Amino acid sequence: MRLSLRLGLILSIAAILASTLVVTAALTYRHAVHKLDVEMQSTLTAVQRTIEVALQDIQGVPIDAAHVQRLVQTFDGSRHVRVELHDKSGKYLLSSVPAPVESGMPDWFFELLSAKEMTARVDWPNGSNLGQHIVVTADPRNEAGEVWSDVRLHLSTILLFCLLTLAVLSVLLSYALAPLARFLQAFERTGRGEVGEQLPVSGPLEIQSLSNGYNRMTALLAEAQEKNRKLDAQLEAVQEEERASLARDLHDDVGPLLFSIDVDATTIRDLADKKAEPKFSERAAAIQDAVAQVKEQVRSILWQLRPGLILDLGIANALENTLAPLRARHPEVQFTIDAPKRSWRPQIDIALLAIVREAVLNALKHGRPKHVSIRIASPSGDRVEAVIANDGGTLHATSNSGSLGVISMHERTKLLGGVLTIVDSQDKRGVEVRVSIPINGPGGGPAPVAPSTQTLQ
């Protein structure tokens, strides 16, 4: 099981404090046993010595029973000892009254100490006619009660200290590790390609060093990303120029030839019809059909090479020309185009046409739309926004991350510094592809509307 750094540190410190508490308890127990033994032995020796001194003082003096009773009762109320008088046969005769045992000590603690009573015998002095002796018994219960109070206070203090230490450490760790959450979020955004974010440089010295390192890294990544974007734009410009050159050659050289062939075939067909030559007329018609097919192929090639040729009359006309073949193949689908009769810079225009074409093809491929609408506008003046909606697709089909078409749409949009999203349509019955591209984004500023040029007839 994986634990957070904060929880791991707290548990480690808690384990250390618990170990310290256990060791302290063991040492306290050892000290308590030793203290109890020493205290009992000391008390027993002191009482025994006191009785011996008292008996020596009265040596040679006639001693009666009352005198002995007063000597024993001298120790009434003693907390640790009990003094008993026995005859020469050991029979109990008289005892002092010890102090009551302190309450509050659990039995398990007394048993844990393994404390036993200690006894000592004091014989009567020579010459006494009583033939008696005194037995001093050291009772460990009161002393064990004092030890219990000391141990409880000691261990309670240590336990309270450990709890307070854990609480303070938890607060300090939460404060110290809070920047790590920001680092985690920042790295996640960086992993998604969102670079350039700068973290605040604050907190402990180590965290400040990490923040500075992350900021330098993201700055370098942003710089590299910008360089790559410029290189991509330059490469795209070079490729576009090459495609434009090839498209111009194809349009200027092949277009007139096809037009001439079509005119000649028409002339031949007219002459054949006048002279009633059906074979020649059929041949001429076949030539015209072949020329029409070649024209269509040339238009398709021109679109692949240079859609900008179609853009000369504005984005609206370009969309009409681009979607014309799809309209012919899908007469059951209603296409609605709402776009201005203008152009932006070629990179934007080409990207919009490619995205619209791919989105429409996706809708026709993955669903059964009855209506496809394309709206392109620039309401703010600094961005071009496009919405391609259909009423027959599903979100999962259109937003398939493995689709090369979808990947291409995202890449085209990202290259221009724009954003592309694929969401459910407003009526929840289809899919909307939304595109927003800055007009003055990567690749240069807006381009003026180009003059119209000759197209294939």
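The values are calculated or read from the model by the stated rules, or taken from the named source; none is laboratory data. The model shown is predicted, which means the values in this text are computed figures rather than measured ones. Cβ atoms come from the backbone with ideal geometry, glycine included; neighbour counts cover every protein chain shown.
Summary table
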{"quantity": "Residue match in the stretch 112-131 (condition: β-branched (Val, Ile, Thr), touching a Leu at 6+ places or on another chain (Cβ under 9 Å) and farther than 18 Å from Ile51 by Cα)", "calculated": "no"}
{"quantity": "Criterion (in contact with a Ser or Thr (Cβ under 9 Å, 6 or more places away or on another chain), closer than 19 Å to Leu415 by Cα and part of a helix (DSSP H, G or I)) met by exactly one of Leu221, Leu235", "calculated": "Leu221"}
{"quantity": "Qualifying residue in the stretch 96-115 (condition: surrounded by 14 or more Cβ atoms within 10 Å (Cβ to Cβ), over 24 Å from Gly145 (Cβ atoms) and either at pLDDT 80 or above or out of contact with any His (no Cβ under 6 Å at 6 or more places or on another chain) (or both))", "calculated": "no"}
{"quantity": "Residue within the stretch 133-156 that is in the same structural domain as Leu36 (by TED's automatic domain parsing), surrounded by 15 or more Cβ atoms within 10 Å (Cβ to Cβ), assigned to a loop (DSSP other than H, G, I, E, B) and out of contact with any Leu (no Cβ under 6 Å at 6 or more places or on another chain) present", "calculated": "yes"}
{"quantity": "Condition met for Ser170 (among the small types (Gly, Ala, Ser) and in contact with a helix residue (DSSP H, G or I) (Cβ under 9 Å, 6 or more places away or on another chain))", "calculated": "yes"}
{"quantity": "Options Leu3, Leu7, Leu17, Leu11: the member that is modelled with pLDDT under 80, closer than 16 Å to Leu166 by Cα and either basic (Lys, Arg) or under 33 Å from the mean Cα position of the chain (by Cα) (or both)", "calculated": "Leu7"}
{"quantity": "Given (1) assigned by TED's automatic domain parsing to the domain that holds His31; (2) surrounded by fewer than 17 Cβ atoms within 10 Å (Cβ to Cβ); (3) touching a residue at least 60 places away in the same chain (Cβ under 8 Å); (4) of a type in the set (Gly, Ala, Ser), index of the condition Ser174 fails", "calculated": "(1)"}
{"quantity": "Long-range neighbours under 7 Å by Cβ, at least six apart or interchain, first residue of a type in the set (Phe, Trp, Tyr) within the stretch 336-355, second buried (at least 21 other Cβ atoms within 10 Å of the Cβ)", "calculated": "Trp344/Val384"}
{"quantity": "Answer residue from the stretch 180-196, given it is surrounded by 16 or more Cβ atoms within 10 Å (Cβ to Cβ) and over 13 Å from the mean Cα position of the chain (by Cα) and is farthest from Ile10 (Cα to Cα) among those", "calculated": "Val195"}
{"quantity": "Members of the stretch 332-380 that are loosely packed, with under 14 Cβ neighbours inside 10 Å, among the small types (Gly, Ala, Ser) and closer than 21 Å to Arg412 by Cα", "calculated": "Ala377"}
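One line per residue, one yes/no per condition, for (1) of a type in the set (D, E, K, R); (2) within 60 Å of the chain's Cα centre (by Cα); (3) under 30 Å from Val419 (Cβ atoms); (4) surrounded by fewer than 13 Cβ atoms within 10 Å (Cβ to Cβ):
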residue: Ile207; (1), (2), (3), (4): no, yes, no, no
residue: Lys230; (1), (2), (3), (4): yes, yes, yes, yes
residue: Val238; (1), (2), (3), (4): no, yes, yes, yes
residue: Leu257; (1), (2), (3), (4): no, no, no, yes
residue: Asp262; (1), (2), (3), (4): yes, no, no, no
residue: Pro278; (1), (2), (3), (4): no, no, no, yes
